Ligand code: GLN
């Protein structure tokens, strides 16, 4: 029964889609119907309407192969976004590979908070990954120039590709190990979604995340606070007067510790909640 899907004797799109849906459901992929539709729309360049109206049509051998390959990989928990090499962030499409974290909806809060403040001349994006934050800040006209850094050369290649796709020119990507770097410049806006998962919690993550997403983008292999401490220590040196820092945090139970890390004179703190009503972002204003 389990392997029934792998030798489908049909080339009809509707039959393949139904078999695929059932197979993914058996393998605990709950959103299988929608995912299959998205896959077919993206890979076969069809509109949802075409699928609904013409789905009894036959597909080519090549497309059947792609479809079966998708169902195989997805049934093993391989993330949907990596299969499509695409992820949506703030309504924009980003190219993603296993070298970058898949942008999460809760990270969009950083953009919302930045937008509330109008615009900034010079921004630093720490741990840019796919470049989603930098590029979105441009798209939303929040920043004029960005210095986006990451320790991973492979992630930066993905970010460069996104810069090209979106046609944003004023972003310079640079390979920098933030934890061992002395900054020479000051910025008006600093954003970061640092690897905040503790070494202990990392082990408990679902396999779908642990097996495929880059480990260094998720955990600092310590207490999850390493990046906040380093940012806070450097803040007077890297943030201009009246500039702001916006960082994402993980679990609410770290809020108190992170608040303590950033609480110092001349810095005003404000916390923001995400759509699930969890504290998710901290804004720090350099007040004078
Ligand atoms: N800046 C990227 C994001 O917010 C990547 C963050 C990371 O790799 N920790 O999605």
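The values are calculated or read from the model by the stated rules, or taken from the named source; none is laboratory data. Remember, predicted model here, so these are calculated numbers, not experimental data. Cβ atoms come from the backbone with ideal geometry, glycine included; neighbour counts cover every protein chain shown.
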Subject >> Unique residue being in a helix (DSSP H, G or I) and at pLDDT below 90 when the list is 25, 53, 46 >> reply: 53
Original post:
Given the conditions (1) more than 30 Å from residue 86 (Cβ to Cβ); (2) modelled with pLDDT of 95 or more; (3) surrounded by fewer than 17 Cβ atoms within 10 Å (Cβ to Cβ), which single one is not true for residue 243?
Top reply: (3)
Subject >> Criterion violated by residue 248 - all others in (1) surrounded by fewer than 20 Cβ atoms within 10 Å (Cβ to Cβ); (2) over 19 Å from residue 264 (Cβ atoms); (3) in contact with a helix residue (DSSP H, G or I) (Cβ under 7 Å, 6 or more places away or on another chain) satisfied >> reply: (1)
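From 150, 177, grab the single residue that is at pLDDT 95 or above, under 17 Å from the mean Cα position of the chain (by Cα) and closer than 18 Å to residue 217 by Cα. Outline the logic, then answer.
Values: 177 fails: under 17 Å from the mean Cα position of the chain (by Cα).
Going through 150, 177 in turn, the sole match is 150.
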Original post:
Is one or more of the residues making up the stretch 77-85 within 25 Å of the chain's Cα centre (by Cα), free of Cβ contacts under 8 Å to residues at least 40 places away in the same chain, within 18 Å of residue 36 (Cα to Cα) and within 16 Å of the ligand (Cβ to nearest atom)?
Top reply: yes
Original post:
In the stretch 154-173, how many residues are more than 17 Å from the chain's Cα centre (by Cα) and away from the ligand (no atom under 14 Å from the Cβ)?
Top reply: 6
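For residues that are assigned to a loop (DSSP other than H, G, I, E, B) and over 20 Å from residue 255 (Cβ atoms), scanning just the stretch 205-227, find the one that is farthest from the chain's Cα centre (by Cα). Step through it out loud before you land on a result.
Residues of the stretch 205-227 that are assigned to a loop (DSSP other than H, G, I, E, B), as a first pass: 205-206, 211-214, 218, 220-225.
Keeping just the survivors that are over 20 Å from residue 255 (Cβ atoms) gives 205-206, 211-214, 221.
Details: 205: 16, 206: 17, 211: 16, 212: 13, 213: 10, 214: 11, 221: 20 Å.
Applying the filter and picking the extreme gives 221.
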Original post:
Restricting attention to the stretch 103-115, which residues are more than 12 Å from the ligand (Cβ to nearest atom) and either outside any helix (DSSP H, G or I) or touching a strand residue (DSSP E or B) at 6+ places or on another chain (Cβ under 9 Å) (or both)?
Top reply: 112, 113, 114
